[in-house]
1. If you draw the axis that swings chain A onto chain B, which residue of A has its Cβ closest to it, and how far is that in whole Å?
2. Using the structure shown, list the pairs from B:Lys51/B:Lys109; A:Lys59/B:Lys59; A:Lys128/B:Lys126; A:Lys128/B:Lys109 with a Cα-Cα distance above 18 Å, or answer none.
3. Pairs of alpha-carbon atoms within less than 8 angstrom and 6+ residues apart define the contacts here; what relative contact order does chain B have, in percent?
4. Can you list the trypsin sites (Lys or Arg not before Pro) in region B:40-144 that are in a DSSP coil and have 10 or fewer other beta carbons within 10 angstrom?
5. Distances from A:Ser2 to the same position in the other copies: list them in nm, one decimal, shortest first, using label points 7 Å from Cα along Cα→Cβ.
6. Roughly to the nearest percent, how much of the accessible area of region B:3-141 is carbon and sulfur, given a 1.4 Å probe?
7. Using a 7 Å offset from Cα along the direction of the beta-carbon, what are the separations from B:Lys51 to the same position in each other copy, nm, ascending?
8. Probe radius 1.4 Å, ligands and nucleic acids left out: can you give me the accessible area buried at the B-A interface, summed over both chains, in Å² to the nearest hundred?
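The values are calculated or read from the model by the stated rules, or taken from the named source; none is laboratory data. Source: prediction; values computed, not measured. Here the Cβ is made from the backbone with ideal geometry for all residues, glycine too, and neighbour counts use every protein chain on show. The protein model used for the area step is the full one, side chains on, heavy atoms only, and it has no ligands, DNA or RNA in it. Shrake-Rupley method; radii C 1.70, N 1.55, O 1.52, S 1.80 Å.
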There are 2 protein chains.
Amino acid sequence: MSLDDSIGFLINQAGRRISQLLAQRFAPYEVTTEQWSVLARLREEDGISQKELAFRVGKDQTNVTRILDQLERKQLVVRRPNPDDRRSFLPYVTEEGNRVYLLLLPIEKDVVAEATSGIGSEDLAKLKELLVRVTDNSLQRLNL
Amino acid sequence: MSLDDSIGFLINQAGRRISQLLAQRFAPYEVTTEQWSVLARLREEDGISQKELAFRVGKDQTNVTRILDQLERKQLVVRRPNPDDRRSFLPYVTEEGNRVYLLLLPIEKDVVAEATSGIGSEDLAKLKELLVRVTDNSLQRLNL
DNA sequence: TATATATAATTGCTATAGCATCTAATTGCA
DNA sequence: TGCAATTAGATGCTATAGCAATTATATATA
């Protein structure tokens, strides 16, 4: 029994490598892969709470706070007060954020295509399905 | 097209969740999941260089240096000078490291079993194969 | 053999991950 | 209504990820 038989290890290794590749391609634009994922999610559902956003990107609320700090510093996102709850801020993608998103989108697509080259569309669908399953199984047993 | 269609996102999300679950189970033993992976790999091939070890765990050499610092602090690993190259140190698992490894092994197996529950052995094999493919594809295109 | 080049490991830096804790605001219930 | 419990977000802390630069040693080549 080797480390290479551990699904946990294999998933994280694949994740590190594909993120590293994406990070290299994103580097000229000074946007990290995680900032990208938050920006992308936010573009799909603007104006949700940070807590909700954290859930939607599968990240800790603490991290989302800090990633939003970075995105706001770069003026890709703005936080506006939530009129219904004065504890809460709602993040929105700015014009510039939208522009950067559209600029990076094809780069991300390329990297995904390269990382999955040689994998048929059926296998790709299977891979996604199994990853979601692992995510859900883990989430279910997590003490959150 | 949503973030949820991105293999990169899905892999990293699954990786975060399963690591988080494993981290919760490892917490009482004060060993992190990444320390675990280095310890496990080192147990398979003692006495290789840190550079080689880094490659074998799919991590940056810098990180391996620091993870080894942690493992050495906990006396689970010792670094001995490489007699053939005075720039180099060779890490070895200690008795205590071996003991801790054997203690954590069944916990890791449990977590993997839980995270993959409902996935048949054929699909599991497929998942591993596809993850290795993604890793290799990404590695190939990385500027290292 | 002298010197330039390359290499192993470390250190410094920024960003992410996640836990515990804090503050301010909201909700629940006596 | 009034106060306790809960919640949203932020902050502090440690560990990991990866890049750039540093130090010490090895290797290659003029």
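1. A:Gly15, 2
2. B:Lys51/B:Lys109; A:Lys59/B:Lys59; A:Lys128/B:Lys109
3. Numbers: 110 pairs, mean separation 29.4, N = 144.
Reported relative contact order: 20 percent.
4. The qualifying sites are B:Arg86, B:Arg87.
5. 3.8
6. In region B:3-141, the share of accessible area belonging to carbon and sulfur is 47 percent.
7. Label point to label point, same position, other copies: 5.1 nm.
8. Buried area between the two chains comes out at roughly 5600 Å².
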